[in-house]
Amino acid sequence: PLTAPTYEIAREAYEAFERRDYATAAAKAREAIRQRPDVVRLKRLLVEALLTDGRLDEAEREAAAFIGAGETNPELMGQRSRIRLRLAYRAADAAYRAVERGDLKEAAAQAQEAVRLAPDNPAYRDLLAKVLAGARAAASAPVDPAYQAADGAYRALERKDMAGAVAQAREAARLAPDNRAYRLLLISALAAAGRTPEAERAATTALATFGRDGKILAQRGYLLQKLGRPAAAADDFAASLRAGRAAALERRALRLALADAALAAKQPQRALDALAALGDEGSYAVTARRGFALTALKRNEEALLAFTQAGASAKTAAERSTAASARIGLLADLERKAEARLALAGAIGRSDLAGLQNLDVAYLAARVGDDGLADDYFARAQDAGRLKNTSLVDAAYVAKRLFRNERAQGLLRAAIDAEASGQLTLDPQHLFGLRRENAELSRSWGAYNSLSYGAVGVSPGSPLSLPPSGGNVLQTGSEIYWRPPGIGYRNGAI
């Protein structure tokens, strides 16, 4: 989550984008990224602002830089694919115009650029062949109806007319069903319009037409992930890798995506196998994923080493926080609590946990047995308005263990009130337990009363005992007690 002043800058960037002031949106997004380079949605905003503003080359440079630095976000990669398709179209259009004016040298250069950016588009390869052959007449014949529909789809995407983009892309695919590029365009348009199930079906249809195509498989994999089907997504990523046509950088991204999908599908060994193909790469992207897979396999000692490596290669606050918190948690799970507490103190001192919320640090402190630190961070979360629902109960029990009874009472009452207002759902037994706990914590005075009836009242050996009368005696007794506040009740001890 963003905090001030980054939050304000990001808000201004989004507002500028909404009012179509794309230059301001890009500038604000760039500044927000400078302050929080770990937030991928800011990077997507910058790329989208540049793209929508028509600054295609700049958008391509930014997207390439982010991906080259290790970003594997599917939407960011999708943005770059859209940019490259637009750049390829621009280059092809420039090639046609160069042919029309007789500049075949320029036409060849532009056609080569179009093929470089969209190597799977047969129309661009055909254009290049014609230009190189000097077939000016053939190359200058009007860009066909399918091509015009595809052009309309790109232009609709540019002006954020998603419905128009889908309609034009669908028409291009209908007119030229054997054109793979137009099918990819349709899938991308549907995905950009948020019509994920339709995009997945379009990808499945395209695979039936073009076979096990690596790029289409990769696109369907990302769509399946968004649809919450990680096991099927992992299958598509694996099949895309087997297709063997992706560049080295794309293959790395596919392996990371496969690892993510496998982890989400609770297939940690499959994730490890996907990462193994990356060899001894010590980047955070690889070592952190390896750590999560090993943790899921209960290979905690190996996972501890992986997260130690991840921390050493982490570049952003979020990466450092993830690696440090995972390492501390593993130390606790390995019953190395003293070492875990030292590691936690060191991480806080070095600001390695700056990417975590106060509530996350509180739970981490409780996990390693440092209730004092946990209570401190629970209090910080409460001051920030982020201590809610079951966290109120957890914070109350930490305070109770520290004999901070008044604070524990206040937290328990807040949890009970949250249940009454419908913000928190508790089963009746749990709710009864909280009420009883609160009553026990708040009790300072109390009394016991007893009433007995029998042949003898008090013990016969007592000087106050009555002589046997042959009848029965009714006797009452009372006891009043007081618990000194603060020390009268200490986590269950009276």
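Shown here for segment 1-70: trypsin sites (Lys or Arg not before Pro) in loop regions (DSSP other than H, G, I, E, B) with at most 15 other Cβ atoms within 10 Å, namely 19, 20.
Averaged over residues, the count of other Cβ atoms within 10 Å places the peptides 212-221, 150-159 in the sequence 212-221, 150-159, highest first. With viscosity 1.002 mPa s and temperature 20 °C, the Kirkwood radius over alpha carbon pairs of segment 1-48 converts through Stokes-Einstein to a diffusion coefficient of 213 µm²/s. With every protein chain in place and a 1.4 angstrom probe, the accessible-area ranking of 432, 292, largest first, reads 432, 292.
Per-peptide packing, taken as the mean over residues of other Cβ atoms within 10 Å, places 414-421, 333-340 in the sequence 414-421, 333-340 from highest down. Protein heavy-atom accessible surface, 1.4 Å probe, per residue over segment 236-389: 46 Å².
Distance cut-off 28 Å, Cα to Cα: go down the list 226/337; 337/400; 43/226; 130/215; 130/160 and report the pairs above it. Mind dumping the intermediate values first?
Working: 226/337 38 Å; 337/400 21 Å; 43/226 19 Å; 130/215 26 Å; 130/160 34 Å.
Going by Cα-Cα distance, 226/337; 130/160 fall outside the 28 Å limit.
Accessible surface for residue 196 stands near 20 Å², nearest 10, in the context of the full protein assembly shown (1.4 Å probe).
When +1 charges are put on Lys and Arg Cβ atoms and -1 charges on Asp and Glu Cβ atoms, the dipole computed for the chain relative to its Cα centre reaches about 600 debye. Over the C-alpha trace of segment 1-145, radius of gyration and Dmax come out as 18.8, 61 angstrom.
Over the chain, with every protein chain in place, what whole percent of the accessible area is carbon and sulfur at 1.4 Å, could you tell me?
Working: 12950 of 24830 Å².
Using a 1.4 Å probe with all protein chains present, the chain comes out at 52 percent carbon and sulfur.
Working ranking of peptides 378-387, 275-284 by packing, defined as the average number of other Cβ atoms within 10 Å per residue, highest first, is 378-387, 275-284. Here the ratio of the Cα radius of gyration of the chain to 2.2 N^0.38 Å is 1.44.
The values are calculated or read from the model by the stated rules, or taken from the named source; none is laboratory data. In this text the structure is predicted, and so the values were computed from the model without any measurement. Note that each Cβ is placed from the backbone with ideal geometry, even for glycine, and that neighbours are counted across all protein chains shown. When the accessible area is computed, the model is the full protein with side chains, heavy atoms only, and any ligands, DNA or RNA have been set aside. Shrake-Rupley method; radii C 1.70, N 1.55, O 1.52, S 1.80 Å.
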